[in-house]
1. Taking the Cβ of each residue in Met61, Met228 as the centre, tally the other Cβ atoms inside 10 Å and list the residues starting with the fewest.
2. Check which residues have an amide H placed less than 5 Å from Glu195's amide H, if you skip close sequence neighbours.
3. Report, ordered by chain and residue number, the lysines lying within cross-link reach of Lys275, taken as a straight Cα distance under 27 Å and ignoring same-chain residues fewer than 8 apart.
4. Which of Leu136, Leu83, Leu244 comes first, and how do the rest follow, when ranked by fewest Cβ neighbours within 10 Å?
5. Would you calculate the separation in nanometres between label points at Arg257 and Gln240, each defined as 7 Å from the Cα along the Cα-to-beta-carbon direction?
6. How would you rank Trp104, Trp38, Trp118, going from fewest to most other Cβ atoms within 10 Å of each one's own Cβ?
7. Contour minus end-to-end for Val211 and Glu44, with contour as 0.36 nm per residue of separation and end-to-end as the Cα-Cα distance?
8. What distance in nm lies between label points placed 7 Å from Cα along the C-beta direction at Thr248 and Leu25?
Amino acid sequence: MALTETSELRRGAQNYLRAAMRAPLLDAEHERDLARRWREEGDERALHELITAYLRLVVAMAARFRHYGLPMSDLVQEGNVGLMQAAARFEPEREVRFSTYASWWIRSAMQDFVLRNWSIVRTGTTSAQKALFFNLRRIRAKIGDVGDAVMSVEATSRVAKALRVPEHEVEAMAARLSAPDRSLNAPLAEDSDGEWQDMLADEGESPEAAVMLAHDGAACVSLVHQAMRELSDRERLIIQERKLEEETVTLEALGERLGISKERVRQIEGNALEKLRRALIARVGDPVEAGYV
């Protein structure tokens, strides 16, 4: 079944290429006439003729992206999307050949496809990073710096200046392009049961540290609750709203709620915090030295 599907796909690709090569070329006047009929009248036959005439442009441009290891058929498909976008936006009255205009859309569609699928890690987000991804190999070959993931200082500087990007981004991209993605579940060696993920260091807290933090946190909460009992109802309310809630209440809002000025709320808050500090010291010593604040 799989072999049959593969053969059918191969035949479909071959038929597409033959159709692209057989389509007649368009002169400038006929091309503008087709574009006008599609734009002004919605003539689908005109659109079909215009698109078919430039399928060869899609194929030729897809060939330039083959070295990124993606299927030619997928590149052609993305190029066709770009070609259709160009036809939808083309303005024949500007006296520009459709092939010139469509080339930008086709190339952009293929570049976006490569960036989305070349790696599981997003490669470039800004226009400068995209230019770096697609031009790094060419510029390195031009200056004679090829073959190594680690670039020389001089080569890094020249590429960074040519593409107007930071040198650290050039170094990172060179390293990315030098090796494909590797599965963390891949074996370390052919005769090994270990996997690459076994070599990753766990940067999280140890179980002992997590238990100690949880214990200390619970102790802190208990101490604060005990100390809060020594405050008056109004002091507790102010401390609760100002220090213990995720969204704190303003001094002005509390003043209106309690019928006092915001300056008076500030004074009560300061006095309450001092009471809490003394209560905590009485229970555990200096809270700073004990690590609670």
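Every number in this text was worked out from the coordinates using simple rules, so none of it is lab data. Only a predicted model underlies this, so the values are computations on that prediction, with no experimental measurement involved. When we count neighbours, we look across all protein chains shown, and the Cβ atoms used for this are built from the backbone with ideal geometry, even at glycine.
1. Numbers: Met61 20, Met228 17.
In order of increasing Cβ crowding within 10 Å: Met228, Met61.
2. Answer set, sorted by chain and number: Leu188.
3. Excluding near neighbours in sequence, the set is Lys243, Lys262.
4. Listed from fewest to most nearby Cβ atoms, that is Leu244, Leu136, Leu83.
5. The answer from the label model is 0.9 nm.
6. On the way: Trp104 11, Trp38 22, Trp118 19.
Result, fewest neighbours first: Trp104, Trp118, Trp38.
7. Working: separation 167, 0.36 × 167 = 60.12 nm, distance 6.97 nm.
Computed gain between Val211 and Glu44 is 53.1 nm.
8. According to this spin-label approximation, the distance is 7.4 nm.
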